[in-house]
Amino acid sequence: MAYTTEKFFADIDAKNYINEFRRTDYFFEFCQQCKNYNHRYGCPPFDDETLSIVEGYEKVRIMGVKIIPNNKQLPLSAANDLMKPVITEMNEELLELEKSLGGYAFGFVGTCPYCGGAPCAKISGEPCRHPDKVRPSLEAFGFDMSKTAKDLLGLEIKWSQGELIPEYLTLVCGVFYQKSA
């Protein structure tokens, strides 16, 4: 499937990002309506200790990618096929950035890119098969992705208005880094 991508980056003070872009209760209501809720290690519910992961960091690097399909008449069902290779690439970049910055990465919602389509081990009460790679999304921690994309990356998230994918697809992820002393 042919497409082009554009990448966007922004750095923000972590406290500002938490205060201005996080609406945990509001977004957890949406999470509870999702089939992945309590069925994936990257999805809520999380305990308070897990939710506090973002505290103590001084900076956040937000990364976004705009996926622009060459074919403007693709059905909405083609969205995952367009996003999958980009998510795989972005996850690798995220984990490298997490390592180099000594931070904590936040990836993408949806299916795990590491388990090859197998059901998440959380469903059967087993430990995560890839704890070194699986990260929750910013949404899972209550961050507003539309506001993040627009205010920090200058990128409007487009939504489908019917059976075709929108003009472009948007992925947003980030890394909290630089621990406070």
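No value in this document is a laboratory result; all are computed from the given coordinates. Quick caveat: nothing in here was measured; it's all calculated off a predicted structure. As a convention, Cβ positions derive from the backbone with ideal geometry for all residues, glycine included, and neighbour counts pool all protein chains shown.
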Under the rule a/c < 1.5 gives rounded, and otherwise a/b versus b/c splits prolate from oblate, where does segment 80-181 land using the Cα gyration tensor? oblate
What does the charge count near Arg40 come to, summing +1 for each Lys or Arg and -1 for each Asp or Glu among other residues with Cβ under 15 Å from its Cβ? +3
Using alpha carbons only, how many angstrom separate the centre of segment 24-96 from the centre of segment 119-146? 9
Expressed as a whole-number percentage, the relative contact order of segment 3-179 with C-alpha contacts under 8 angstrom and at least six residues apart is 38
Where is the GNM fluctuation largest for the chain (alpha-carbon springs, 10 angstrom cutoff): Leu76, Leu152, Leu171? Leu76
Please list, by residue number, every one of the trypsin sites (Lys or Arg not before Pro) in segment 1-102 that is coil in DSSP and has at most 14 other beta-carbon atoms within 10 Å. Arg23, Lys35, Lys72
Ordered by number, the GluC sites (Glu not before Pro) in segment 1-98 that occupy a DSSP loop and have at most 11 other Cβ atoms within 10 Å are Glu55
Candidate lysines - alpha carbon under 16 Å from Lys59, same-chain residues fewer than 8 apart omitted: Lys15, Lys99, Lys179
With every atom except the alpha carbons ignored, what do you get for Rg and Dmax of the chain, in angstroms? 16.1, 52
Can you give the calculated 222 nm mean residue ellipticity of the chain, where each DSSP H run of n ≥ 4 adds -39,500 (n - 2.57) and the sum is split over every residue, rounded to the nearest 500 deg cm²/dmol? -9000 deg cm²/dmol
GNM, the chain, Cα, under 10 Å: largest mean-square fluctuation among Asn71, Asn91, Asn38? Asn71
